[in-house]
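The values are calculated or read from the model by the stated rules, or taken from the named source; none is laboratory data. In this text the structure is predicted, and so the values were computed from the model without any measurement. We place every Cβ from the backbone using ideal geometry, glycine too, and count neighbours over all the protein chains shown. In case anyone asks, the SASA skips ligands and DNA or RNA and just uses the protein heavy atoms, side chains included. Shrake-Rupley method; radii C 1.70, N 1.55, O 1.52, S 1.80 Å.
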Amino acid sequence: MENIEKQSKLRSRLYPRYDLEDSIKFIEVLQKLGGAKVSTTALAAVIGKAVNNSTFIGRVSSSKQFGLLAQDSGKLSISTLGKEILIPRGEAGKSAAMVTALSTPDLYKALISNFNGKVIPDLATLGNLLVHDYRIELSAKDTAARNF
């Protein structure tokens, strides 16, 4: 009998599971805890989730992808970019920080480059493009499209 090799499942490209607005709300909670060197356990407890809960993991990941959050040895801190949004020096600075955050995730950077000056397609078409052209798994395409 021949050895049958298992095919490894291809992982979806990394994308923010939560949008920028949700990520800003997430770091606002972190700010209330001091904003720097807060344990993941403490933050998870405040929002009523376990550290290994998929919602909590997704919120941390999304906030990191937008450049709003730094993580070091299990401790979370609001990044300089996150502080520019939460504690802006002025409205222009906040707007610039928001644009930077939105264009920070690798997927969004690629989409912005691709659609620069063009009309972004409807959600269904964008979701299909994400599957075909950007390696987003089928089950995640609608969330990825909506969040963009």
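Numbers at a glance
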item	result
From Lys83, Lys64, Lys94, residue being in a helix (DSSP H, G or I), surrounded by 13 or more Cβ atoms within 10 Å (Cβ to Cβ) and touching a strand residue (DSSP E or B) at 6+ places or on another chain (Cβ under 7 Å)	Lys64
Leading residue by the ranking (nearest to Asp106 (Cα to Cα)) among those in the stretch 67-80 that are assigned to a loop (DSSP other than H, G, I, E, B) and of a type in the set (S, T, N, Q)	Ser79
Among (1) in contact (Cβ under 8 Å) with a residue 24 or more places away in the chain; (2) aliphatic (A, V, I, L, M); (3) open to solvent by less than 50 Å² (accessible area, probe 1.4 Å), the one test that Leu102 misses	(3)
Residue pairs meeting the criteria (Cβ under 8 Å; at least 6 apart or on separate chains; first closer than 14 Å to Ala144 by Cα and free of Cβ contacts under 8 Å to residues at least 60 places away in the same chain, in the stretch 117-128; second open to solvent by less than 60 Å² (accessible area, probe 1.4 Å) and basic (Lys, Arg))	Gly127/Lys141; Asn128/Lys141
Qualifying residues in the stretch 105-116 (those that are among the aliphatic types (A, V, I, L, M) and either touching an Asp or Glu at 6+ places or on another chain (Cβ under 7 Å) or in contact (Cβ under 8 Å) with a residue 12 or more places away in the chain (or both)) - the one surrounded by the fewest Cβ atoms within 10 Å (Cβ to Cβ)	Ala110
Residues (touching a residue at least 60 places away in the same chain (Cβ under 8 Å) and over 22 Å from Glu21 (Cα atoms)) located in the stretch 129-148	Tyr134, Arg135, Glu137
For Ser54: the one exception among (1) of a type in the set (Ser, Thr, Tyr); (2) surrounded by 15 or more Cβ atoms within 10 Å (Cβ to Cβ); (3) under 14 Å from the mean Cα position of the chain (by Cα)	(2)
